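Take a look at the structure set out below.
The values are calculated or read from the model by the stated rules, or taken from the named source; none is laboratory data. Here the structure is a predicted model, which means the values were calculated and not measured. Every residue, glycine as well, gets a Cβ built from its backbone with ideal geometry; the counts of neighbours run over all protein chains shown. Accessible surface is based on the protein model in full, side chains and every heavy atom, while ligands, DNA and RNA are left aside. Shrake-Rupley method; radii C 1.70, N 1.55, O 1.52, S 1.80 Å.
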Amino acid sequence: MNKLRAAITGVGGYVPDYILTNKELETMVDTNDEWITTRTGIKERRILKGEDQGVSVMGIAAVKDMLAKTKTDPKEIDCIIFATVTPDLTFPATANIVASAVGATNAFSFDLAAACSGFLYGLNTGASFIQSGMYKKIIVIGGDKMSAILDYTDRTTCIIFGDGAGCVLLEPTTEEVGVMDSILKSDGTGETYLHMKAGGSRKPASHETVDNKMHFVYQEGAAVYKFAVTNMAEVAAQVAERNHLTPETISWLVPHQANKRIIDATANRVGISSDKVMMNIERYGNTTGGTIPLLLWDYEQKLKKGDNLIMAAFGGGFTWGAVYVKWAYDGAKR
Ligand code: UT7
């Protein structure tokens, strides 16, 4: 019997309506469109506005989009994994909130925190559940409301990130498609360069933590850049090489959208041309867990059954990884 694999059989996505442009950021911090564009490739990002609007709002919209497109009954969903570092609450898991809201009453659900690599960690976890034969329909969501943890007086971080969420449906197949291989890595010493100082059990919220702006993203950008540019490129090349993929046989590079320069370096290392690199950083910025599923959502129409996709990410933790996926269907399911 052929090996059981986990195929991506549907994609959904959601970005909020509000567009925060580089021009508007110029009125908020000492920055300019030219600096942001040349250093990062970002032109605008989406922001989820309104009282009590958590990341679940975007996760729910993305899942509803996918369920409608694939005509899937939510009661058939076995499991929902939400990769996010900006959950609605510390507990319960945002995945539980999503499951109830979409009517996935038979699913178990949990959150997964691996920052910008979270979607790839979730994809690999969901695929393993499918490959084990235990489950038949798993939703993996990646998304973040980064605007909730950004200091809009800090020009080094607030220009980079945005809000958004995307998701995929995983189902078993015995065809030669689906999640084919993956390499996932982490290195806890990366905490020094990219973290949020308070709000966890080490330093719970207090007047002092709020006064000292300790509930925002802290990033030493240049140091993170150095690790990201090397490790993301290396792991993408490794997963391609060990599956005997060449620049000719790779259909798409699907890179985490943190910085256009990191994306270009990864494409160079893998040896593929820019027309095969999925990119939407100019419109959404870095949505952390959301970038890779939002790329699939944007490019779904162009994908064909049998396409070889190399997904790659690097982020807080540090965490990084690459996943080789053979696409399972033609075009968008609309
Ligand atoms: O997805 C999670 C993982 N994160 C990443 O992968 C991010 C990796 N890092 C980066 O993408 C880049 O390091 C940044 C985009 C964050 C920064 O770009 P950079 O080229 O590394 O700039 P830098 O931090 O070395 O700063 C260069 C200069 C500094 O001025 P001086 O000291 O040279 O006078 C900064 O103060 O640019 C200044 N600067 C700005 N200027 C205008 C920093 N931010 C801004 C800004 N506008 N927004």
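A few points about this structure:
- Inter-label distance for residue 302 and residue 28, nm, one decimal - labels placed 7 Å from Cα along Cα-to-Cβ: 2.9
- Remark: the range 5-176 carries 39 Å² of accessible area per residue (probe radius 1.4 Å; ligands, DNA and RNA excluded).
- Cα-based shape type of the range 5-176, given that a ≥ b ≥ c are square roots of the gyration tensor eigenvalues and the cut on a/c is 1.5: prolate
- Percent antiparallel among DSSP beta bridges (both partners in the chain, rounded to 5): 70
- Span-rule helices in the chain, defined as complete DSSP H runs reaching 24 Å or more along the axis (Cα) with Kyte mean at least -0.5: 221-242
- Whole-Å distance, taken between Cα centres, linking the range 117-148 and the range 211-274: 20
- Working from Cα pairs under 8 Å separated by at least six residues, relative contact order for the range 179-334 is 33 percent.
- Residue with peak Gaussian network fluctuation, the chain [Cα springs, cutoff 10 Å], from 15, 179, 224: 224
- Evaluated over the chain, the Cα radius of gyration and Dmax, each in Å: 18.8, 62
- The fraction of accessible area contributed by carbon and sulfur in the chain is 52 percent, rounded to a whole number (1.4 Å probe; ligands and nucleic acids excluded).
- The helix-based estimate of mean residue ellipticity at 222 nm for the chain, built from -39,500 (n - 2.57) per DSSP H run of four or more residues and divided by its residue count, is -9000 deg cm²/dmol to the nearest 500.
- In this simple spin-label model, placing a label point 7 Å from the Cα along the Cα-to-Cβ direction at both residue 151 and residue 128 gives a separation of 3.7 nm.
- Cut-off under 5 Å, modelled amide H: who pairs with residue 82 long-range: 95, 110, 111, 112, 141
- Listed residues 333, 145 arranged by accessible area, highest first, probe 1.4 Å: 333, 145
- GNM top mover of 287, 174, 94 - the chain, alpha-carbon springs below 10 Å: 174
- Rounded to the nearest Hz, the phi-derived 3J(HN,Hα) couplings of the range 17-31 under the Karplus curve 6.51 cos²θ - 1.76 cosθ + 1.60 (θ = phi - 60°) are 6, 5, 9, 9, 8, 4, 4, 5, 4, 4, 7, 9, 9, 6, 8, where x marks glycine and proline.
- Antiparallel DSSP beta bridges within the range 5-176, percent to nearest 5: 70
- Structure note, pairs 69/302; 43/71; 3/137; 43/305: Cα-Cα distances above 25 angstrom occur for 43/71; 43/305.
- Amide H contacts of residue 181 (H built 1.01 Å from N, in plane; Pro and chain starts excluded): 324 sit under 5 Å, all sequence-distant by 5 or more or on other chains.
- Sequence-ordered 3J(HN,Hα) estimates for the range 42-53 from the Karplus curve with 6.51, -1.76 and 1.60 and θ = phi - 60° stand at 8, 10, 7, 9, 9, 10, 7, 9, x, 5, 6, 9 Hz, glycine and proline given as x.
- As a size descriptor, the averaged projected area of the C-alpha convex hull of the range 237-297 was calculated at 4.1 nm².
- From phi via Karplus (6.51, -1.76, 1.60), per-residue ³J(HN,Hα) for the range 320-327 in Hz, x at Gly/Pro: 7, x, 9, 10, 9, 10, 9, 5
- Only beta bridges with both residues in the range 190-334 are counted; by DSSP, about 70 percent of them are antiparallel.
- Taking N as its residue count, the alpha carbon Rg of the range 180-333 over 2.2 N^0.38 Å: 1.16
- D by Stokes-Einstein for the range 7-83, Kirkwood Rh over Cα pairs, 25 °C, 0.890 mPa s: 161 µm²/s.
- Mean accessible surface per residue for the range 237-334, computed with a 1.4 Å probe while every protein chain stays in place, in Å²: 35
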